[in-house]
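One structure is given below, encoded as structure tokens.
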Amino acid sequence: MNNVNKTMYIPLYGKSYVSKKNLFLSDKKAEEIWEKEQFPLKGKSKSKYLAYFMGIRSRVFDDYVKDNIKENTVIIHLGCGLDSRVLRVNTTNKWYDVDFNSVIDERKKYYKT
């Protein structure tokens, strides 16, 4: 996995961080993955302010999807990384998580396909 793909750990950390603190996002899957793996982050990547931003950003996108999803809508989540939006939104619609092959291989360790 290259350095670009490794950036997927930053939002994962942020969602786990705010979820553990019961702030504005509940993401048990992010907590579970982060607790198990403890991926190495350095410098600003592990900033609590960046974590807050990642949590808020995810909540905004979750709310947008919930507000705009219609019956029989197909969702294509581009650049999904290790995001668990499909679980947080809790929809029965068809959902496709799309990313680089190496990211999807990493994702398969934590999500059932």
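The values are calculated or read from the model by the stated rules, or taken from the named source; none is laboratory data. Every value quoted in this text rests on a predicted model; they were computed, and no experiment measured them. Glycine gets a Cβ as well: all are built from the backbone with ideal geometry, and neighbour counts include every protein chain shown. These accessible areas exclude ligands, DNA and RNA; they are computed on the full protein's heavy atoms, side chains included. Shrake-Rupley method; radii C 1.70, N 1.55, O 1.52, S 1.80 Å.
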Checklist line | Near pairs, Cβ below 7 angstrom, 6+ apart or cross-chain, from the stretch 47-70 (of a type in the set (K, R)) to any residue that is part of a helix (DSSP H, G or I) and open to solvent by less than 40 Å² (accessible area, probe 1.4 Å) | finding: K66/V89
Next item on the list: Determine if the stretch 6-18 includes at least one residue that is loosely packed, with under 13 Cβ neighbours inside 10 Å and either of a type outside the set (S, T, N, Q) or under 21 Å from K112 (Cα atoms) (or both).
Entry: no
Notebook entry, point to check: Where residues in the stretch 74-104 are under 17 Å from A30 (Cα atoms) and out of contact with any helix residue (DSSP H, G or I) (no Cβ under 8 Å at 6 or more places or on another chain), which of them is most open to solvent (accessible area, probe 1.4 Å)?
Noted result: N90
Check: If E71 satisfies every condition in (1) over 19 Å from D99 (Cα atoms); (2) surrounded by 13 or more Cβ atoms within 10 Å (Cβ to Cβ) but one, which is the exception?
Finding: (2)
